[in-house]
Amino acid sequence: MTTRIVELRRGILKKNDELAAGLRARYGAAGVLVLNLVSSPGTGKTQFLERTLRELRARGARVAALVGDLETDNDARRLAASGAPVRQINTHGICHLEAEMVSKHLEGWELGNLDYLFIENVGNLVCPSSYDLGERVRVVLLSVTEGEDKPLKYPTMFNSADAAVITKMDLAVPCGFDRDLALRNIQEIRPGMRVFETSAKTGAGMEEWLDYLAAQRGGRGPTELVAAPAQVSEEKQNPSAEAPNTKNEPSFRPHSGERVENHELDRASAALKPSHEQATPRFATAREAKEFLIEWIDSEARRVGAPLSEVERKMLYSSKKGWTLPDIADVQDAFERYHDPAEYEENMGKLIRGIRVSARNGAKEEYEAWTEAVRVLSREDHYLLELIAAAGGVRQRRGGRLGFWVAAVVFCGALVAIALWMNR
Ligand SMILES: Nc1nc2c(ncn2[C@@H]2O[C@H](COP(=O)(O)OP(=O)(O)OP(=O)(O)O)[C@@H](O)[C@H]2O)c(=O)[nH]1
Ligand SMILES: [Mg+2]
């Protein structure tokens, strides 16, 4: 019975991923930036989105929204007050939106006429995390009234998001909101994630959020967005000027078969590589080195057009004793159910070899950064090191090699002993 449920769920998710990959390709071809807004019920998604739509329209952007709820078209009516085209999706009991629902509700809309499409998901911090809608940016919202520990309680949702928005900041003081704790919890689950502190009521934090949106469109948007009153800073327009783990760059939620326009891939890839102005990065901890290497592998996967899935990316964090993700047990569980380890390791090997070749042929700093990160990581025990070693060309730790030779000598000795015993 359990096996059947797992099989069924696997089938549904696979179908959703395929449809989402198709949607992503469509969005990419149309040049529309698609964002998926997720949160608990009542966090303030609709109010925040309504203000975002209004302010983007005032800047000359072409925007539209889809909004999911179990029942009623209340939110669609509220959003429509912004003047943007809006469609309500009623899921009638389903606690999340699916790619198929989105696809159906886009019928008749010319995506090429849009700069931004926002999808407000059903209020729920669990189910929507598993359903890719083909979006490029997933935004998780957290209000000051719902508890600073939400990221820790719902790590999958926060970990799969590209940016976080703290809402209702106007209520922070009366609610005794512990800002530092909330920020710490978010960073613990998703290190480096960009966080916006906003109030849709007072407008606080909206400028920064709108600048972020414009930066996400990068060179693809209409000129009026770049020339908008709040200018996008040089740093935000050029994410490649930033260090790895950039806060401005969304991590693309990847799926095999995804096609993203080349310049976008190049931009993402460049953002994850060390800047040419920067000297070889110094990794203070194995964790920093690990994140650097994983970002680079993730970026390489996107570059070759076969992006990693959430689980595939997170598996790279596996470690018995060293630093790893708080939800690694869930990740490994999902991996065991849905993936073939041999195929996965072969794919990782290809990516790592690809990185080595391009790093060797590229700037000296890049190659040094890669080898430095591997060296720092080698102080601990990490699955990623095994993958790198298996891809060839990496020096194992002394202990590892020694272990191999000791095992080899013992094995040969055993063979000789068996041969002698048989000849007696
Ligand atoms: N004080 C204050 N209240 C807000 C703010 N944003 C939203 N609210 C209030 O919070 C309540 C819920 O807001 P919604 O925008 O409906 O929340 P939601 O996340 O869309 O809710 P669901 O769609 O039901 O999941 C409403 O009463 C809003 O008026 C804000 O910035 N400040
Ligand atoms: Mg709503």
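Laboratory data are not the source of any read-out in this text; all were calculated from the coordinates shown. Because the structure is predicted, anything quoted here is derived from the model rather than measured. Neighbour counts are summed over all protein chains in view; Cβ atoms, including those assigned to glycine, are modelled from backbone coordinates with ideal geometry.
Structure summary
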| read-out | value |
| --- | --- |
| Length gained when the stretch ALA25-LYS321 is fully extended (0.36 nm per residue, less Cα-Cα span) | 102.6 nm |
| Between segment 93-123 and segment 189-207, the alpha-carbon center distance in angstrom | 23 Å |
| Under-5 Å amide H pairs with VAL165, H placed in peptide plane, nonlocal only | VAL140, LEU141, LEU142, PHE196 |
| Full-extension gain in nm, ASP149 to ASN423, via 0.36 nm per residue minus C-alpha separation | 91.7 nm |
| Cross-link pairs beyond the 29 Å C-alpha cut-off, checked among LYS153/LYS201; LYS14/LYS153; LYS201/LYS290; LYS290/LYS350; LYS153/LYS290; LYS153/LYS321 | LYS201/LYS290 |
| Least to most buried among SER39, SER103, SER199 (fewest other Cβ within 10 Å first) | SER103, SER199, SER39 |
| Overall form of segment 29-184 per C-alpha gyration tensor (a/c, 1.5; a/b vs b/c) | prolate |
| Rounded to whole Hz, the Karplus (6.51, -1.76, 1.60) HN-Hα couplings of segment 331-341, x for glycine and proline | 4, 5, 5, 5, 4, 4, 6, 10, 10, 9, x |
| Cβ-based exposure ranking for TRP323, TRP296, TRP421, in which fewest neighbours within 10 Å come first | TRP421, TRP323, TRP296 |
| Inter-probe distance in nm under a simple model that places probes 7 Å from Cα toward Cβ, at ARG77 and ALA58 | 2.5 nm |
